[in-house]
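Report on the structure given below.
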Amino acid sequence: MKRFVKVITVVLVIVAMLMVPVHAEEIEDRSSAYFMSSSISLTKVTATKIEAYFSVGAFDIMDELGASSIKIQRSSDGNSWTTMKTYTKEAYSQLICEDTSSHAAVVSYTGTAGYYYRAKITLYAKDGTGIGEVVEYTSKVKL
């Protein structure tokens, strides 16, 4: 019996040593290997003005880092969304920074009172090996 317990103990120790802890939630949430961290928000500034904010961190220095687009979306019921304004990296240079591992920016939008708003932000990273993009949505805000 002692030998059986020792064998089981050794097997369990070996199995435990071979196991690598994986946080599936973290892996699934970060669909691109480029991004280390991100934060997004939509804030009501006045009765009709909102600001969409993002910050992004990369694992390394990127040729380009930021957001390829920010779409301000509106809804009357908070469920069905229509894009009202699109900010692109080509038209709004503040969305992208070059040769950096972190970047943050904010855009403003004047909406209509009585509607819900949210931002659809496409985070973007580019280096010599390719391009990574992750789409994130802010919480909704009612004006």
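The values are calculated or read from the model by the stated rules, or taken from the named source; none is laboratory data. Remember, it's a predicted structure, so these values are computed and weren't measured experimentally. As a convention, Cβ positions derive from the backbone with ideal geometry for all residues, glycine included, and neighbour counts pool all protein chains shown. Only protein heavy atoms, including side chains, enter the accessible area calculation; ligands, DNA and RNA are left aside. Shrake-Rupley method; radii C 1.70, N 1.55, O 1.52, S 1.80 Å.
In region 44-51 there is at least one residue that is of a type in the set (Ser, Thr, Tyr) and more than 12 Å from the chain's Cα centre (by Cα). For Ala24, the conditions (1) hydrophobic (A, V, I, L, M, F, W, C); (2) over 25 Å from Asp127 (Cβ atoms); (3) modelled with pLDDT of 95 or more are fulfilled apart from (3). Among the residues of region 113-143, those identified as exposed (fewer than 14 other Cβ atoms within 10 Å of the Cβ) and part of a strand (DSSP E or B) are Gly130, Val135, Lys142. Among residues of region 33-68 being farther than 21 Å from Ser93 by Cβ and not in a strand (DSSP E or B), the one that is least open to solvent (accessible area, probe 1.4 Å) is Thr48. For region 77-112, the tally of residues that are open to solvent by less than 60 Å² (accessible area, probe 1.4 Å), of a type in the set (Gly, Ala, Ser) and not in a strand (DSSP E or B) stands at 2. Within region 45-102, the set of residues being touching a helix residue (DSSP H, G or I) at 6+ places or on another chain (Cβ under 7 Å) and among the hydroxyl-bearing types (Ser, Thr, Tyr) comprises Tyr87 only.
Against the list (1) more than 19 Å from the chain's Cα centre (by Cα); (2) in a strand (DSSP E or B); (3) surrounded by fewer than 17 Cβ atoms within 10 Å (Cβ to Cβ), the condition Arg74 fails is (3).
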